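Take a look at the structure set out below.
The values are calculated or read from the model by the stated rules, or taken from the named source; none is laboratory data. Note that this is a predicted model, so its numbers are computed, not measured. Here the Cβ is made from the backbone with ideal geometry for all residues, glycine too, and neighbour counts use every protein chain on show. For the accessible areas, the whole protein counts, side chains as well, though only heavy atoms, and no ligand, DNA or RNA atoms are used. Shrake-Rupley method; radii C 1.70, N 1.55, O 1.52, S 1.80 Å.
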Amino acid sequence: MSMDTAACDPQVACPSCAQPMSKRALPNHDGGPVCLDLCYPCHALWFDRNESVRLAPRAVIELFREIHARRDEPRNALAARPGCPRCRAPLALAHDFAKAGRFSYWRCPAGHGRLTPFFQFLREKQFVRALTPAELGRVRAELKVVRCSSCGAPIDLQRDTACSHCQAPLAILDADAVAKALREWSDAERRRPVPTPASVAQALLDV
């Protein structure tokens, strides 16, 4: 369930296209809000420092459903050198590992946050899995070039198994991966302790 965005900072410009990003307030682990910035034309999220790990399980589920509902909308290719919306420094491409494998994003060198493509967020939260060698072989037999789901750059399937622009590996969103991730995040939400009034008040002060 979305929360009131009144406590959120003013809109920020998308690090890629420079247009105002949409604000979303979602629950964190303490029951207070996490204020996220989303650029739907670029299919990307801006996370201020540690916001991604502060999301409550039901917030992850809600973001998945919203991203999935917009999966067929036109998308801008990400800029080659997106800039931090806080300090304007060029963002650096970074890689990390989650249970579902490697995912990538663009991080602020001063630690203000990171720009994460929708597809890479789904990979981080286990909704997306890597292609198996057999699946990759079938795709190569049918297609020569595909567009990267993270940045929109072309991938030459006869030569590469990852995007040469953002190094995102080829991956798919399949029904089994989605069902498993939804089950795990739903179980995590049920196990989550009920926040106390004191913890909610502290969370609101920390925003």
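Mind telling me which of Leu45, Leu91, Leu143 comes out most flexible in a GNM of the chain, alpha-carbon contacts under 10 Å?
Fluctuation is largest for Leu143.
For every helix of n ≥ 4 consecutive DSSP H residues, a contribution of -39,500 (n - 2.57) applies; sum these over the chain, divide by its total residues, and give [θ] at 222 nm rounded to the nearest 500 deg cm²/dmol.
-8500 deg cm²/dmol
May I ask you to list, by number, the DSSP H helices of the chain whose Cα span along the axis is at least 15 Å and whose average Kyte-Doolittle hydropathy reaches -1.0 or more?
Long hydrophobic helices here: 57-69, 175-191.
Taking Cα pairs under 8 Å and at least six residues apart, what relative contact order does the range 11-61 come out at, in percent?
It rounds to 31 percent for the range 11-61.
On the accessible surface of the chain, probed at 1.4 Å, how many percent belong to carbon and sulfur atoms?
Reported share for carbon and sulfur atoms: 54 percent.
Starting from the Cα-Cα distance between Arg183 and His68, subtract it from 0.36 nm times their residue separation and give me the gain in nm to one decimal.
Taking Arg183 through His68 to full extension adds about 39.8 nm, to one decimal.
Quick one: grab the alpha carbon gyration tensor of the range 1-120, order the square roots of its eigenvalues as a ≥ b ≥ c, and give me rounded if a/c is under 1.5, else prolate or oblate depending on whether a/b is larger than b/c.
In terms of gyration-tensor shape, rounded.
I need the Kirkwood Rh of the chain: take the reciprocal of the average 1/r across all distinct C-alpha pairs and report it in angstrom.
17.9 Å is the Kirkwood radius here.
If you keep only loop residues by DSSP, which GluC sites (Glu not before Pro) in the range 30-83 have at most 15 other Cβ atoms within 10 Å of their Cβ?
Nothing satisfies the criteria.
Counting pairs of alpha carbon atoms under 8 Å apart in space and at least six apart in sequence, what relative contact order in percent does the chain give?
19
Round to the nearest 0.05 the FRET efficiency obtained for Ala89 and Asp156 when R0 = 25 Å and r is the Cβ-Cβ distance.
My answer for the efficiency is 0.20.
Taking the radius of gyration and the Kirkwood hydrodynamic radius from Cα positions alone, what is the Rg/Rh ratio for the range 82-169, to two decimal places?
Dividing the radius of gyration by the Kirkwood radius yields 1.03.
With a ≥ b ≥ c the root eigenvalues of the C-alpha gyration tensor of the range 112-153, is it rounded (a/c under 1.5), prolate (a/b larger than b/c) or oblate?
Since a/c reaches 1.5 but b/c is at least a/b, the shape of the range 112-153 is classed as oblate.
Roughly how many Å² is the accessible area per residue of the range 84-168, as a whole number, for a 1.4 Å probe?
Value for the range 84-168: 48 Å² per residue.
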